[in-house]
1. Any chance region 58-74 includes a residue that's more than 18 Å from VAL123 (Cα to Cα), among the acidic types (Asp, Glu) and in contact with a Lys or Arg (Cβ under 9 Å, 6 or more places away or on another chain)?
2. Considering only residues that are open to solvent by 70 Å² or more (accessible area, probe 1.4 Å) and not in a helix (DSSP H, G or I), which ones fall in region 9-43?
3. Looking only at region 130-147, decide whether some residue is open to solvent by 80 Å² or more (accessible area, probe 1.4 Å) and either touching a residue at least 60 places away in the same chain (Cβ under 8 Å) or among the acidic types (Asp, Glu) (or both).
4. Please note which strands (runs of 3 or more DSSP E) are completely contained in region 70-172 and include at least 2 residues that are within 17 Å of the chain's Cα centre (by Cα), under 20 Å from ARG191 (Cβ atoms) and at pLDDT 95 or above.
5. I'm told ALA22 meets every condition in (1) modelled with pLDDT under 95; (2) over 18 Å from the mean Cα position of the chain (by Cα) except one. Can you identify the failing condition by its number?
6. Of the numbered conditions (1) closer than 24 Å to ARG3 by Cα; (2) touching a residue at least 12 places away in the same chain (Cβ under 8 Å); (3) open to solvent by 70 Å² or more (accessible area, probe 1.4 Å); (4) not aliphatic (A, V, I, L, M), GLY108 satisfies every one except a single condition; which is it?
7. In the list ARG160, ARG173, ARG153, which residue meets the criterion of being among the basic types (Lys, Arg) and in contact (Cβ under 8 Å) with a residue 40 or more places away in the chain?
8. Which of the residues spanning region 59-82 are buried (at least 17 other Cβ atoms within 10 Å of the Cβ) and closer than 11 Å to GLU8 by Cβ?
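The values are calculated or read from the model by the stated rules, or taken from the named source; none is laboratory data. Computed from a predicted structure; not experimentally measured. With ideal geometry, Cβ positions are generated from the backbone for all residues, glycine too; neighbour counts draw on all protein chains shown. Calculation scope for accessible area: heavy atoms of the full protein, side chains included, ligands and nucleic acids excluded. Shrake-Rupley method; radii C 1.70, N 1.55, O 1.52, S 1.80 Å.
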Amino acid sequence: MLRGSRVELRPLVEGDFAEWRAVRRANREWLTPWEPTPLRTQPDVVEDRLAFAARCSARARERQMDAGYGFGVFAEGCLVGEMNLSGVQRGPFQSGHVGYWIDHRRAGREYAPEALIVVLDFVFDALGLHRVQINIIPRNQASRRVVEKLGIRSEGVALRYLEINGRWEDHVRYAITEEEWQVRGPELVARWMS
């Protein structure tokens, strides 16, 4: 369990299915333009409890293997989104990617920036990673506002970087390193986690 001043982050478990499904159903149109197309050969994780349980188990294995850390974001006593660290690479790379989504009914309440600071604090202070990258489709202004509000550095545009909603989409690459976190982290933690 990771805590900010208003948010709590914890791995999702099978018992979260009903609440997670309700939030995902309510956000289908809000999230579809920014997410990969689900594989037709696999059950719909939003509608199938067993598929959701398998997803939770896969995330638990990722944690055990130090390959990824997925968190539900909770505020106001309920699930408001997810914040995920994926693609953790050790060795000389010491890096990972963060992705997130927030319930459109809770957007604008600054849960996403706070949750991102909570994850960055965990990434740099507990996991000891050197670099975190956040990739966002240029026209996704809501997600871009999160990183820009925190002053996370843009490294430019990666052309046709990921297949999203059936199209190869360009992504703005934002990144922060451990050296930057050492300078900026204490101020960001004091502002967002106190």
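1. no
2. VAL13, PRO36, THR37, PRO38, LEU39, ARG40, THR41, GLN42, PRO43
3. Quick first cut of region 130-147, residues open to solvent by 80 Å² or more (accessible area, probe 1.4 Å) only: 139, 141, 145.
With the extra rule that they be either touching a residue at least 60 places away in the same chain (Cβ under 8 Å) or among the acidic types (Asp, Glu) (or both), the set shrinks to none.
Checked region 130-147: no residue is open to solvent by 80 Å² or more (accessible area, probe 1.4 Å) and either touching a residue at least 60 places away in the same chain (Cβ under 8 Å) or among the acidic types (Asp, Glu) (or both).
4. 78-89, 95-102, 131-136
5. Every condition holds for ALA22 apart from (1).
6. Of (1) closer than 24 Å to ARG3 by Cα; (2) touching a residue at least 12 places away in the same chain (Cβ under 8 Å); (3) open to solvent by 70 Å² or more (accessible area, probe 1.4 Å); (4) not aliphatic (A, V, I, L, M), only one is false for GLY108: (2).
7. On the way: ARG160 fails: in contact (Cβ under 8 Å) with a residue 40 or more places away in the chain; ARG153 fails: in contact (Cβ under 8 Å) with a residue 40 or more places away in the chain.
Only one candidate passes the filter, namely ARG173.
8. Residues satisfying the conditions are PHE71, GLY72, VAL73, PHE74, ALA75, LEU79, VAL80.
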